[in-house]
1. Could you give me D for segment 15-95, from Stokes-Einstein at 10 °C and 1.306 mPa s, where the hydrodynamic radius is the Kirkwood radius over C-alpha pairs? Units µm² s⁻¹, please.
2. Mind listing the long-range amide H neighbours of Gly23? Cut-off is under 5 Å, sequence gap 5 or more, other chains count too, H placed in the peptide plane at 1.01 Å from N.
3. Order by neighbour count: Met1, Met53, Met75, fewest other Cβ atoms within 10 Å first, most last.
4. If we count other beta carbons within 10 Å of each Cβ, what is the order of Ile30, Ile76, fewest first?
5. Give the calculated FRET efficiency between Gln91 and Ser57 to the nearest 0.05, with a Förster radius of 41 Å applied to their Cβ-Cβ distance.
Amino acid sequence: MRFLVYLAAGLAGGVLGGMGMGGGTVLIPILTVLCGVPQHLAQAVNLLSFLPMAAVSLPVHASNGLLDTRGLLWMIVPAALLSALGGVFVQNVSGTALRAGFGVFLCLLSLWQFAQALRGLFGSGKKGA
């Protein structure tokens, strides 16, 4: 049965990751809540699973003309440096604190997405938008 949960997590994470939305938003909660995987391990699995997802989805997005590489280095360099620092930092943070922080992040992200959807439904005050 656990295999099916892992398979569902992989499918959900893969679909979202392939769309560029961040599969970890689904993968981490599935691993921690449904599979009982510790938070640190779930986050590490998410990082590792991102590599093949990116390797497969990047050429698809490129062939569809959906890549804009202007300013790419200005994003990659600080993101890589801060990712390394974040990896070192979380080693000393408890799993409970990581879980709470990730939960707060997901709640804030959900509220923001909900507000954006409402704004789109009811208009932003612009004609023809």
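1. Values: Rh = 14.3 Å.
So the translational diffusion coefficient is about 111 µm²/s.
2. Residues meeting the criterion, in which the H sits 1.01 Å from N, are Gly17.
3. Numbers: Met1 4, Met53 19, Met75 9.
Lowest count first: Met1, Met75, Met53.
4. Sorted ascending by nearby Cβ count, the order is Ile76, Ile30.
5. On the way: r = 29 Å, r/R0 = 0.72.
So, using R0 = 41 Å, E works out to roughly 0.90.
Read-outs: derived from the displayed coordinates by stated rules, not from any lab. Model, not experiment: these values are computed from the prediction. Ideal geometry is used to build each Cβ from the backbone, glycine not excepted, and the neighbour counts take in all protein chains shown.
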